[in-house]
Amino acid sequence: MDILVLGSGGREHAIVRKLKESPKVGRLYCAPGNGGIGKDAVCVPIAVTDQEGVLRFAKENRVDLVFIAPEDPLAQGMADFLESNGVAAFGPSRDAAIIESSKVFSKNLMKKYGIPTADYEVFDDPEQAMAYIRSRGEYPVAVKADGLAVGKGAILANNEAEAAEALRVLMEEKIFGASGDRVVVEEFLTGPEVTVLSFTDGEAVCPMVSSMDHKRVGDGDTGPNTGGMGTVSPNPFYTEAVAAECMEKIFLPTVRAMKAEGRPFKGCLYFGLMLTPQGPKVIEYNCRFGDPETQVVLPRLDTDLVDILLAVRAGTLDQLTIHWKDEHAACVILASAGYPGSYPKGKVICGLGADGQVAGATVYHAGTAEKDGNFVTNGGRVLGVTALGGTLREALDRAYAAAETITFEGVQYRRDIGKRALESAEG
Ligand code: AMP
Ligand code: GLY
């Protein structure tokens with residue numbers, strides 16, 4: 001099978017490398033890809049949202065499957081467009097991708113079907129939202145843009161002034177455009193966070209191994225939110241008992257709810273969970289693989305990914321047993337100076353081999369380009385250094401040892417990825 005992966009980040013590099021392991025895969029393309037992905041797949045300069053361009057390329061090159069990794073093309077209906085033009089796609093329809101592209105939709109879905117989540121109200125008027133927040137008088141409070149906001153649409157306000165500022169930037173300044181036409185004002189929850197990616201064909205749901213993201217830019221969970229600064233898998237807080245409870249109260253009810261709404265979800269459904277004192281609750285759904293969760297989950301996959309993708313499309317997921325390596329994985333993100341704010345590009349990266357890799361780990365390229373025979377930085381998140389190990393500590397030691405051999409001007413990374421997980425795992 002010849003496969004085209006849409007996207008250009010570390011998640012897409014992890015998908016490409018996993019697909020490359022499959023004996024079923026022939027040619028592998030990535031659009032637009034990046035410098036490091038170019039060592040593992042043929043990168044083609046087509047934007048992920050260019051429906052006509054992707055279709056043309058897929059037809060001309062007889063691509064057997066298009067793997068749509070990011071949320072933007074999914075929310076715009078790339079899967080529907082390709083399928084209706086005779087090209088097979090992995091990824092949910094636009095009607096199903098709304099589970100990520102509208103927080104109002106997902107919150108109302110959870111309320112209607114009794115799926116545990118934070119209490120909330122929806123507003124399209126900033127003054128009414130502020131009046132509600134004032135009357136509640138409880139802080140922190142979460143204020144979230146309804147629509148897509150590159151993972152930055154959730155603002156945790158610690159007091160009335162911060163809440164007013166959140167409403168101002170989202171609803172009046174519209175820093176995320178129409179995504180801020182409506183907001184969700186949400187109760188603040190506490191507890192460890194867990195990500196569970198899952199394969200679903202609209203009926204059956206197969207959770208993958210759990211993971212833990214580290215969203216804040218600084219050590220000790222300080223500073224602004226980012227797309228994710230590192231991950232570990234498994235997540236020690238996600239015990240078998242918690243997993244069973246999530247399956248019964250969250251995973252199956254969500255997949256059934258989407259089907260009942262006439263929006264069957266086929267693809268990878270991302271459950272962002274918080275293990276609160278009252279039990280697991282949904283913080284957010286995403287309609288796709290997580291980044292950088294994928295970089296620690298897929299390396300542990302032992303079943304041919306192509307078989308899974310085909311079963312999801314065919315609706316035969318219940319007939320497949322998916323196997324995982326009984327190992328730990330850790331990923332440390334190396335980011336540009338200034339990220340998640342503005343950052344320079346084009347800094348030469350030292351320490352990578354000609355294949356973009358280093359000894360002792362796998363380097364997933366997130367934002368790199370190739371220039372004059374060198375890899376240079378080309379994004380906020382630049383590299384994700386991932387290692388496996390028999391224990392979490394071993395995986396972390398290997399990932400950090402490899403990360404230290406890579407340098408570029410202004411490189412920043414968290415030194416405490418996995419610390420909370422280690423404390424929990426090692427007591
Ligand atoms: P989201 O974009 O909805 O995933 O939110 C980003 C991050 O903000 C989450 O990963 C949580 O760490 C935090 N967060 C979001 N909603 C809440 C909430 N209701 N209570 C506490 N923390 C939250
Ligand atoms: N790591 C969070 C996300 O993929 O949305």
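Residue check: PHE90 meets all listed conditions (1) touching an Asp or Glu at 6+ places or on another chain (Cβ under 7 Å); (2) more than 16 Å from ligand 2 (Cβ to nearest atom); (3) under 18 Å from GLY202 (Cβ atoms) but one, namely (1). In segment 177-205, the residue that is nearest to ligand 1 (Cβ to nearest atom) out of those that are of a type in the set (A, V, I, L, M, F, W, C) and open to solvent by 50 Å² or more (accessible area, probe 1.4 Å) is PHE188. Looking across segment 102-114 at every residue that is surrounded by fewer than 21 Cβ atoms within 10 Å (Cβ to Cβ) and in contact (Cβ under 8 Å) with a residue 60 or more places away in the chain, the one that is nearest to GLN76 (Cα to Cα) is identified as VAL104.
Scanning segment 67-96 for residues that are touching a strand residue (DSSP E or B) at 6+ places or on another chain (Cβ under 9 Å), among the small types (Gly, Ala, Ser) and either within 20 Å of VAL183 (Cβ to Cβ) or open to solvent by 40 Å² or more (accessible area, probe 1.4 Å) (or both) yields a total of 0. Against the definition (surrounded by fewer than 19 Cβ atoms within 10 Å (Cβ to Cβ), not in a helix (DSSP H, G or I) and not hydroxyl-bearing (Ser, Thr, Tyr)), how does LEU156 come out, yes or no? Yes. Among the conditions (1) in contact with a Gly (Cβ under 8 Å, 6 or more places away or on another chain); (2) over 18 Å from ASP291 (Cβ atoms); (3) open to solvent by 10 Å² or more (accessible area, probe 1.4 Å); (4) not in a loop (DSSP other than H, G, I, E, B), VAL217 misses just one, which is (2).
When THR200, THR195 are checked against the criterion of being in contact with a strand residue (DSSP E or B) (Cβ under 8 Å, 6 or more places away or on another chain) and more than 16 Å from ligand 2 (Cβ to nearest atom), THR200 stands alone in meeting it.
Restricted to segment 247-352, the set of helices (runs of 4 or more DSSP H) holding at least 1 residues that are within 16 Å of ligand 2 (Cβ to nearest atom) and under 27 Å from GLY147 (Cβ atoms) comprises 294-297. Scan segment 252-289 for residues that are within 13 Å of ligand 1 (Cβ to nearest atom), over 12 Å from ALA97 (Cα atoms) and among the polar types (S, T, N, Q) and the total you get is 2.
Within the span defined as segment 216-224, every residue fails to be touching a residue at least 24 places away in the same chain (Cβ under 8 Å) and hydroxyl-bearing (Ser, Thr, Tyr).
Step by step: first the residues of segment 381-405, then only those that are surrounded by 21 or more Cβ atoms within 10 Å (Cβ to Cβ) and outside any helix (DSSP H, G or I), then the one that is farthest from the chain's Cα centre (by Cα). Which residue is that?
That would be ALA387.
Out of THR321, THR316, one residue alone is among the hydroxyl-bearing types (Ser, Thr, Tyr), more than 16 Å from ligand 1 (Cβ to nearest atom) and out of contact with any strand residue (DSSP E or B) (no Cβ under 8 Å at 6 or more places or on another chain). It is THR321.
Filtering segment 356-380 down to residues that are open to solvent by less than 50 Å² (accessible area, probe 1.4 Å) and outside any strand (DSSP E or B), which residue is nearest to GLU327 (Cα to Cα)? By that ranking, first place goes to ALA361. The set of residues from segment 115-139 being open to solvent by less than 40 Å² (accessible area, probe 1.4 Å) and of a type outside the set (A, V, I, L, M, F, W, C) comprises PRO116, THR117, TYR120, PRO126.
Pairing residues of segment 159-177 that are touching a residue at least 12 places away in the same chain (Cβ under 8 Å) with residues that are part of a helix (DSSP H, G or I) and surrounded by fewer than 15 Cβ atoms within 10 Å (Cβ to Cβ), at Cβ distances under 7 Å and at least 6 apart in sequence or on separate chains, gives GLU160/ARG134. VAL150 fulfils the conditions (1) in a loop (DSSP other than H, G, I, E, B); (2) away from ligand 2 (no atom under 16 Å from the Cβ); (3) aliphatic (A, V, I, L, M); (4) open to solvent by 60 Å² or more (accessible area, probe 1.4 Å) except for a single criterion, (2). When segment 1-28 is filtered for residues that are in a strand (DSSP E or B) and either open to solvent by less than 10 Å² (accessible area, probe 1.4 Å) or of a type in the set (S, T, N, Q) (or both), the ones remaining, listed by number, are ILE3, LEU4, VAL5, LEU6, GLY7.
Every condition in (1) touching a helix residue (DSSP H, G or I) at 6+ places or on another chain (Cβ under 7 Å); (2) under 28 Å from PHE90 (Cβ atoms); (3) at pLDDT below 95 is met by TYR113 except one, and the failing one is (3). Consider segment 97-114 and keep the residues that are touching a strand residue (DSSP E or B) at 6+ places or on another chain (Cβ under 7 Å) and of a type in the set (A, V, I, L, M). The one that is farthest from ASP307 (Cα to Cα) is VAL104.
The values are calculated or read from the model by the stated rules, or taken from the named source; none is laboratory data. For clarity, every value in this text was computed on a predicted model and none was experimentally measured. Glycine gets a Cβ as well: all are built from the backbone with ideal geometry, and neighbour counts include every protein chain shown. Quick note on the areas: whole protein, heavy atoms, side chains included, nothing else; ligands and nucleic acids left out. Shrake-Rupley method; radii C 1.70, N 1.55, O 1.52, S 1.80 Å.
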